1. Looking only at Ser102, Ser94, Ser181, which one moves most when the chain is put into a Gaussian network model with springs between Cα atoms under 10 Å?
2. I want to verify the translational diffusion coefficient of the chain in µm²/s; compute it with Stokes-Einstein, Rh as the Kirkwood radius over Cα pairs, at 25 °C and 0.890 mPa s.
3. Pairs Lys50/Lys184; Lys84/Lys184; Lys78/Lys142: which exceed 22 Å Cα-Cα?
4. Give me a comma-separated list of calculated 3J(HN,Hα) values for the stretch 222-228, in order, Karplus coefficients 6.51, -1.76, 1.60 applied at θ = phi - 60°, integers in Hz, x for any Gly or Pro.
5. Placing +1 on the Cβ of each Lys and Arg and -1 on the Cβ of each Asp and Glu in the stretch 159-287, which of Phe278, Gly185, Gly240 has its Cα farthest towards the positive end of the resulting dipole?
6. What nm value, rounded to one decimal, do you get for the distance between Arg199 and Thr95 when each label is placed 7 Å out toward the C-beta?
7. Starting from the alpha-carbon convex hull of the stretch 43-102, give the projected area averaged over all orientations, in nm².
8. Please give the charge dipole size of the chain, origin at the Cα centre, charges +1 on K and R Cβ atoms and -1 on D and E Cβ atoms. Round to the nearest 20 debye.
Amino acid sequence: MPAVFLNDRSLLLVSGAEAQSFLQNLITTDITSLGADEARPGALLTPQGKILFDFMIWQDGDGYMIETDAGQRDGLLKRLTMYKLRAAVTLATSTEEGVTVSWSEDAGGSQGVRDSQGVRDSRFAKAGVTLIRRPGKHGDDKEALYDALRISHGIVTSGSDFALQDAFPHDVLMDFNGGLSFRKGCYVGQEVVSRMQHRGTARRRVVTVSAATALPETGTEITAGGKPVGALGSVEGGSGLAIVRIDRAGAAMAAGTPLLAGETPVSLVLPAWSGLVFPTSGDEASA
């Protein structure tokens, strides 16, 4: 079982008598249904419904642990403090630095959360992978192994795959991976994402990208017939991730129009666990 230390991850602890209600009314994740050994993705949105901060969240005793990119930690802590007002909530940074991830692709063969003292990542579970997240350093395998796993299963991370304040939760499949609730009531940006959900207007989606040769660098534009459909995110050799307009990509594929990342021919696949398909009708392609 590979074990990779991610030294660019940081942890915040949210505790206190009102910790659950404070977070429930603020972030995208329904934490009232969060399993004791489960980590779910989540986000704090702008009022316009775009991702301001993204993270993983799990129960930690009577409170909650939030794992986020180290570069986001202080900004997220400041924003949570701004919303705290007089709530009976304590916000603190963890003394643990970084997070270790370990995994098995045998869906029924987890070594067990009890043994690892970690939590199961619900995003990977949907793809049939048992991946455990654990604060601190507990492994020395290369980070490229984790990146390759993410890419193969269509699991994105901010910074590498999308820019904060530029993506909606639907763009990064949070409506399918457990990080976005449409039933728990109001939270920041909820009206916008609910409207997208009910109107079915989400067109930008995560895809896996593959090529017969090495892909160009992150940020390279993906085009169809000379028109942009998206841009490359994480890249490992001939595989990568991208967020693309699936209506435009679907129309191009239906018409036999080549898709290119820079000058490199590529193929795009939607993650199987999402259940999504590329639209091919002219009406959807022109939306």
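1. Between Ser102, Ser94, Ser181, it is Ser94 that shows the largest mean-square fluctuation.
2. Details: Rh = 19.6 Å.
Answer, rounded: 125 µm²/s.
3. On the way: Lys50/Lys184 19 Å; Lys84/Lys184 20 Å; Lys78/Lys142 32 Å.
Exceeds cut-off: Lys78/Lys142.
4. Each residue of the stretch 222-228 in turn: 9, 10, 9, x, x, 10, x Hz.
5. Of Phe278, Gly185, Gly240, it is Gly185.
6. 5.0
7. Values: hull surface 20.9 nm².
With every direction weighted equally, the projected area is 5.2 nm².
8. On the way: 27 positive and 33 negative charges, 171 e Å.
About 820 debye.
The values are calculated or read from the model by the stated rules, or taken from the named source; none is laboratory data. These numbers were taken from a predicted model, which means no experiment stands behind them. We place every Cβ from the backbone using ideal geometry, glycine too, and count neighbours over all the protein chains shown. Surface areas here come from the heavy atoms of the whole protein model, side chains and all, with no ligands, DNA or RNA. Shrake-Rupley method; radii C 1.70, N 1.55, O 1.52, S 1.80 Å.
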